[in-house]
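Structure provided below as structure tokens; questions to follow.
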Amino acid sequence: MRLVIILGVFEASFLLLLLISKQVKRASDFWLGMILLLYVLSMGGVWLEIHNMDAGFPRPMLINTAWLWLLLHGPALWFYTKSLTDQNFTLKPVYLFHLLPFFAFLISI
């Protein structure tokens, strides 16, 4: 299980580096990069929790660190799809309501 998570982190990191090195970037490339970064943070957090659990919880502050990033996967995918389908995509303040669950859980922690 740990090996699969580590491979996923490195694969998402590699794809993110390829996307960053792309010459001509569009708005959709930025949002795809955000999705890949969220994958890296989510899988990296799970790996840290597994490592912490196997070591006998020497760092208790790492417990339950990965689940919060999962709440950003949906909005990031929506922003990516919106930037692909809309010709002149600009970020409007009303679109930020998609991030409300993330901020609500962030404040409640």
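The values are calculated or read from the model by the stated rules, or taken from the named source; none is laboratory data. Here the structure is a predicted model, which means the values were calculated and not measured. Backbone-built Cβ (ideal geometry, glycine too); neighbour counts: all protein chains shown. Only protein heavy atoms, including side chains, enter the accessible area calculation; ligands, DNA and RNA are left aside. Shrake-Rupley method; radii C 1.70, N 1.55, O 1.52, S 1.80 Å.
Taking the stretch 93-109 as the search range and keeping residues that are part of a helix (DSSP H, G or I) and in contact (Cβ under 8 Å) with a residue 12 or more places away in the chain, which one is most open to solvent (accessible area, probe 1.4 Å)? Steps first, answer last, please.
The initial filter retains those residues of the stretch 93-109 that are part of a helix (DSSP H, G or I), namely 93-108.
With the extra rule that they be in contact (Cβ under 8 Å) with a residue 12 or more places away in the chain, the set shrinks to 95, 98-99, 101-102, 105-106.
Values: Tyr95: 30, His98: 73, Leu99: 34, Pro101: 64, Phe102: 22, Phe105: 96, Leu106: 80 Å².
This residue is Phe105.
Name the one entry in Ile20, Ile63, Ile50 that is among the aliphatic types (A, V, I, L, M) and open to solvent by less than 60 Å² (accessible area, probe 1.4 Å).
Ile50
Would you mind stating whether Leu68 is open to solvent by 80 Å² or more (accessible area, probe 1.4 Å) and assigned to a helix (DSSP H, G or I)?
It is false that Leu68 is open to solvent by 80 Å² or more (accessible area, probe 1.4 Å) and assigned to a helix (DSSP H, G or I).
Let me ask something else. When Phe79 is evaluated against the numbered criteria (1) touching a His at 6+ places or on another chain (Cβ under 8 Å); (2) open to solvent by 80 Å² or more (accessible area, probe 1.4 Å); (3) among the hydrophobic types (A, V, I, L, M, F, W, C), which criterion, by number, is the only one it fails?
So Phe79 meets the others, but not (2).
A follow-up question, please. Would a scan of the stretch 86-105 turn up a residue that is touching a Ser or Thr at 6+ places or on another chain (Cβ under 6 Å) and under 13 Å from Trp31 (Cβ atoms)? Don't jump to the end; show me each part of the working.
Let us first name the residues in the stretch 86-105 that are touching a Ser or Thr at 6+ places or on another chain (Cβ under 6 Å), namely 89.
Subset that is under 13 Å from Trp31 (Cβ atoms): 89.
Yes, the stretch 86-105 has at least one match.
Now for a different question. May I ask you to list the residues in the stretch 59-109 that are under 21 Å from Leu48 (Cα atoms) and more than 17 Å from the chain's Cα centre (by Cα)?
Scanning the stretch 59-109 gives Arg59, Pro60, Met61, Leu62, Ile63, Ile109.
Which one of these is open to solvent by less than 40 Å² (accessible area, probe 1.4 Å) and closer than 20 Å to Pro101 by Cα: Gly8, Gly74, Gly33, Gly45? Write out each step before concluding.
Working: Gly8 fails: closer than 20 Å to Pro101 by Cα; Gly74 fails: open to solvent by less than 40 Å² (accessible area, probe 1.4 Å); Gly33 fails: closer than 20 Å to Pro101 by Cα.
Unique residue meeting the criteria: Gly45.
Just checking, does the stretch 75-92 include any residue being over 27 Å from Met1 (Cβ atoms), among the aliphatic types (A, V, I, L, M) and assigned to a helix (DSSP H, G or I)?
So the first thing to find is which residues in the stretch 75-92 are over 27 Å from Met1 (Cβ atoms), and the list is 75, 78-92.
Those left that are additionally among the aliphatic types (A, V, I, L, M): 84, 91.
Checking the rest, the ones that are also assigned to a helix (DSSP H, G or I) come to 84.
For the stretch 75-92, residues over 27 Å from Met1 (Cβ atoms), among the aliphatic types (A, V, I, L, M) and assigned to a helix (DSSP H, G or I): present.
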